[in-house]
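The values are calculated or read from the model by the stated rules, or taken from the named source; none is laboratory data. Owing to the predicted nature of the structure, the values given are computational and were not obtained by experimental measurement. Every residue, glycine among them, receives a Cβ derived from its backbone with ideal geometry; neighbour counts consider all protein chains shown. Protein only, heavy atoms only, side chains kept; ligands, DNA and RNA dropped before computing areas. Shrake-Rupley method; radii C 1.70, N 1.55, O 1.52, S 1.80 Å.
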Amino acid sequence: MARYIFVTGGVVSSLGKGIASASLASILESRGLSVNLQKLDPYINVDPGTMSPFQHGEVYVTEDGAETDLDLGHYERFVQTTMSRKSNITTGSIYADVIAKERRGDYLGATVQVIPHITDEIKSRIFNAANGADVVMVEIGGTVGDIESLPFLEAIRQIRMELGAQNTLFIHLTLVPFLSATGEIKTKPTQHSVKELRSIGIQPDIIICRSKQPIPESDKKKIALFTNVEERAVISSIDLKSIYEIPEALHKQGLDNIVIEKLNLTSQAKPADLSDWHEVVHRLKHPKKEVNIGLIGKYIELMDAYKSLNEALIHAGIHTLTKVNIHYLDSEEIEKNGTEALAALDAILIPGGFGNRGIEGKIKAAQFARENKIPYLGICLGMQVAIIEFARHVADMPTANSTEFDLHTAYPVVGLITEWTDVSGSKEKRSTGSDLGGTMRLGGQYCRLSMGTKAYESYQKEGIIERHRHRYEVNNTLIDQLTAQGLIVSGRSQDGNLVEMIELKDHPWFVGCQFHPEFTSTPRKGHPLFMDFIKAAIEHHEHL
Ligand code: GLN
């Protein structure tokens, strides 16, 4: 039977519960235990797919095509287990199911209530996600004390009662602030947050304290005393240069031993082997080269919006021993003021995106990369933008566009498949658009690469599976006019109908992909496309 570790957060949000959970999971994995992770999100959206990146950060896409919380990205970067749509549940999805059951009459006339119907649904989803793992880590989003997270906390309280203390563990992550005015560490917020947790029937077994500096033993003692937690189980997690240092930092304080002992897994567990994390951190800290990458987006003030991308570039740096400096550049700025800011870059990356804002700036950036032979990686929208640019400036289609941005363009080089498969083919057909929820091509899909291309060179195989999240596709009916001018289609979908990857002849490294390679990049393995992109950037840098 699976053991469950529940991770709650206190004092403030954004403490890095996801990274702490993923780090602990990865230590347990290194000790020979199979692990799975799950995130419970208290908001009422069914999934984060329709939320603005300003609100929520990146939407992470799982192999099986679910749009999920970005913490799942951390999980996959730290452990070997692949997440699925079961790995992220939201209040919205719980209510949607309970209400559907109520409408069907499944509750046989009962009054449907938060307890037990909502909590039962939550519990069944938690048990359902175990997938045969020895340990399941369940992270509860939000902060203890929020109204929204109460049903989740009640559900995990009940699970403790049902499965017992040997099979369940509560870890509470809090902030321990440092007041510079008095030079003191403050434990009171932690005390209060645990008090709040205990008032709803949950006594934490372990407390992880996020702080700027190491927490002195005397303060740990105080926290232990006031929160009823063993002193050795008060763990400090200080700010580190890289998140990939966290597994080692937690292991050094004995966190995994305490967990294994409390969950009665001692006979099953082997000693921890964190040598691969050690190697990752060593490489990260000892780069031999340095490159400057421009990331042209419209959420530049918000690192979380490009979380996986940011990490994938760092991973490529780890594997090529390169310090990757990422410069976030605003596409609207380029639209207004031109491409001057791009001249000093070693490579240009245009990530995925939706909507009109800043699109002409991205097209200018793609043109700049093509004309000046600067390495270019276009991901999803970034590939579509490269196609539009090429059509306009090389293939004699001056007003080429995606129908996402110009419904009536004479050259819809990117559009909805229905727009060109419809035999009547009239432009009016384009005006209907589609629903925003659940209408995208999502999740892992097969792509066939053509030999002799940069794509093939990079992956070193013919068949790959990468994750998608988009509505629009390259228009097959216009692609021949582009390939005639030197655009290469280097990857196609399984049935050959859809363009999945493109590149340019006569350019050192200009690659576009319709999928999102950043979702499958991990620090320990890296990702071939990002590694080759960074290698191309190094070469460009050296030839400057
Ligand atoms: N907006 C484009 C589409 O829907 C690209 C999406 C993306 O970059 N993820 O096809």
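Search the structure for amide H atoms under 5 Å from the amide H of R3, placed 1.01 Å from N in the peptide plane, and list their residues when 5 or more places away or on another chain.
Amide H to amide H, under 5 Å and 5 or more residues apart or across chains, R3 pairs with V135, V136.
Loop-only check: which trypsin sites (Lys or Arg not before Pro) in the stretch 452-494 are DSSP coil with at most 12 other Cβ within 10 angstrom?
On the way: sites: K454, K461, R467, R469, R471, R492; in loops: K461, R471.
When the trypsin sites (Lys or Arg not before Pro) of the stretch 452-494 are filtered for loop state and at most 12 Cβ neighbours within 10 Å, K461 remain.
Could you give the size of the charge dipole of the stretch 9-139 about its Cα centre, using +1 on the Cβ of each K and R and -1 on the Cβ of each D and E, expressed in debye and rounded to the nearest 20? Don't skip to the answer; put the middle values down first.
On the way: 11 positive and 17 negative charges, 47 e Å.
With Lys and Arg at +1 and Asp and Glu at -1, about 220 debye.
Count the net charge of all other residues whose Cβ sits under 9 Å from the Cβ of H541, scoring Lys and Arg as +1 and Asp and Glu as -1.
Details: positive: K289; negative: E290, D346, E539, E542.
After counting each charged neighbour, the total is -3.
What FRET efficiency comes out for H282 versus A165 if R0 is 45 angstrom and r is the Cβ-Cβ distance? Round to the nearest 0.05.
Working: r = 39 Å, r/R0 = 0.86.
Calculated transfer efficiency: 0.70.
How would the stretch 449-544 be classified by its alpha-carbon gyration tensor: rounded, prolate or oblate, with rounded meaning a/c under 1.5 and the a/b versus b/c comparison settling the rest? Numbers along the way, then the final one.
Values: a/c = 1.95, a/b = 1.22, b/c = 1.60.
Because a/c hits 1.5 or more and a/b fails to exceed b/c, the stretch 449-544 counts as oblate.
Starting from the coordinates of the alpha-carbon atoms of the stretch 86-150, obtain the Kirkwood hydrodynamic radius over all distinct pairs and give the value in Å to one decimal.
Mean inverse Cα-Cα distance, inverted, gives 13.2 Å.
Which value results for Rg/Rh of the stretch 256-382 when Rg is the Cα radius of gyration and Rh the Kirkwood radius based on the inverse mean 1/r? Mind dumping the intermediate values first?
On the way: Rg = 20.0 Å, Rh = 16.8 Å.
Expressed as Rg/Rh, it is 1.18.
At what distance in angstrom do the alpha carbon centres of the stretch 476-544 and the stretch 343-421 lie from each other?
Distance between centres, Cα-based: 14 Å.
For the chain, take the longest principal axis of its alpha carbons; what is the angle in degrees between that and the long axis of helix 275-285, to the nearest 10 within 0 to 90?
Helix 275-285 and the main axis of the chain meet at about 60 degrees.
Hey, if you put +1 on the Cβ of every Lys and Arg and -1 on every Asp and Glu Cβ in the stretch 115-170, which of M161, T119, P151 ends up farthest toward the positive end of that dipole?
Farthest towards the positive pole: M161.
Let me check I've understood the local charge: for G49, count other residues with C-beta under 10 angstrom from its C-beta, Lys and Arg +1, Asp and Glu -1. What total comes out? Mind showing how you got there, number by number?
Working: positive: R469; negative: D47, E67.
Neighbour charge sum, excluding G49 itself: -1.
How large is the charge dipole for the stretch 350-407, taken about the Cα centre, if only the Cβ atoms of Lys, Arg (+1) and Asp, Glu (-1) carry charge, to the nearest 20 debye?
Details: 6 positive and 6 negative charges, 42 e Å.
So the magnitude is around 200 debye.
For D97 and K221, FRET efficiency with R0 = 41 Å and r from the beta-carbon atoms, rounded to 0.05?
On the way: r = 46 Å, r/R0 = 1.11.
According to the calculation, E is roughly 0.35.
Please list, by residue number, every one of the trypsin sites (Lys or Arg not before Pro) in the stretch 236-292 that is coil in DSSP and has at most 10 other beta-carbon atoms within 10 Å. Can you show the working numbers first?
Working: sites: K241, K252, K262, R283, K285, K288, K289; in loops: K241, K288.
Here the trypsin sites (Lys or Arg not before Pro) that fit, given the DSSP loop and packing criteria, are K241, K288.
Enter the angle in degrees (range 0 to 90, nearest 10) between the Cα long axis of helix 188-199 and the first principal axis of the Cα atoms of the chain, meaning the one along which they spread out most.
Between the helix axis and the principal axis of the chain, the angle is about 80 degrees.
Can you tell me the orientation of helix 359-371 relative to the chain, as the angle in degrees between its alpha-carbon axis and the longest Cα principal axis, to the nearest 10?
Once rounded, the angle reads 60 degrees.
Under a 1.4 angstrom probe, counting protein chains only, how are T477, T339 ranked by accessible area, largest first? List each step's numbers first, then the result.
Numbers: T477 85, T339 35 Å².
Result, largest first: T477, T339.
If I compute solvent accessible area with a 1.4 Å probe over the protein chains, what percent of it on the stretch 113-229 is carbon and sulfur?
54
Using a 1.4 Å probe and ignoring any ligands, DNA or RNA, find the accessible area of H282 and quote it in Å² to the nearest 10.
Roughly 100 Å² of H282 is accessible to a 1.4 Å probe.
Once you have all Cα-Cα distances for the stretch 1-160, histogram them in 5 Å bins from zero and send the whole-percent values.
2, 9, 18, 22, 21, 15, 8, 3, 1, 0
Beyond 16 Å, what percent of the Cα pairs of the stretch 98-219 remain? Walk me through the numbers on the way to the answer.
Numbers: 5096 of 7381 pairs.
I get 69 percent for the Cα pairs in the stretch 98-219 exceeding 16 Å.
Please report, in debye to the nearest 20, how large the charge dipole of the chain is about its Cα centre when each Lys and Arg carries +1 at its beta carbon and each Asp and Glu carries -1 there.
Working: 57 positive and 69 negative charges, 219 e Å.
Its charge dipole is roughly 1060 debye.
Among M137, M1, M531, what's the order by accessible area (1.4 angstrom probe), most exposed first? Show your work: numbers first, answer last.
Numbers: M137 5, M1 150, M531 40 Å².
Sorted by accessible area, descending: M1, M531, M137.
State whether the chain is rounded, prolate or oblate according to the following rule on the C-alpha gyration tensor (a ≥ b ≥ c being the square roots of its eigenvalues): a/c under 1.5 gives rounded; otherwise a/b larger than b/c gives prolate, and the remaining case gives oblate.
Details: a/c = 2.16, a/b = 1.55, b/c = 1.39.
Cα axes put the chain in the prolate bin.
With respect to the cross-link table entries K241/K307; K323/K505; K195/K252, which display a Cα-Cα separation exceeding 18 Å? Can you show the working numbers first?
On the way: K241/K307 16 Å; K323/K505 29 Å; K195/K252 28 Å.
Those over the limit are K323/K505; K195/K252.
Which one, P351, L284, Q268, is farthest towards the positive end of the dipole of the stretch 257-374 when Lys and Arg carry +1 and Asp and Glu -1 on their Cβ?
Q268
Roughly speaking, what is the centre-to-centre gap between the stretch 100-157 and the stretch 1-50 when only Cα atoms are used, to the nearest Å?
16
At 1.4 Å probe size, put I215, I417 in order of accessible surface, largest to smallest. Show your work: numbers first, answer last.
Working: I215 15, I417 70 Å².
Of I215, I417, the descending order of accessible area is I417, I215.
Residue by residue, what Karplus-based ³J(HN,Hα) values in Hz, rounded to whole numbers, does the stretch 143-158 have, using 6.51, -1.76 and 1.60 with θ = phi - 60° and x for Gly and Pro?
Per-residue couplings from phi come out as 10, 4, x, 5, 4, 4, 8, 3, x, 5, 5, 4, 5, 6, 4, 5 Hz.
Shape verdict for the stretch 28-110, please, from the Cα gyration tensor: rounded (a/c under 1.5), prolate (a/b greater than b/c) or oblate.
Details: a/c = 2.96, a/b = 1.52, b/c = 1.95.
Verdict is oblate for the stretch 28-110.
Taking 30 Å as R0, compute the FRET efficiency from the Cβ-Cβ separation of S34 and E231 and round it to 0.05.
Working: r = 31 Å, r/R0 = 1.02.
Result of the calculation: an efficiency of 0.45.
Calculate the radius of gyration of the Cα atoms of the stretch 226-312 to one decimal place, then report Dmax, the largest Cα-Cα distance, as a whole number, both in Å.
That works out to 18.2, 52 Å for Rg and Dmax.
Stretched out fully, how many nm does the piece from I417 to S52 gain, at 0.36 nm a residue minus the Cα gap?
On the way: separation 365, 0.36 × 365 = 131.40 nm, distance 2.50 nm.
Gain on stretching I417 to S52: 128.9 nm.
Out of H543, Y376, Q80, whose Cα points farthest toward the positive end of the dipole of the chain (charges: +1 Lys, Arg; -1 Asp, Glu; placed on Cβ)?
Value computed over the given set: Q80.
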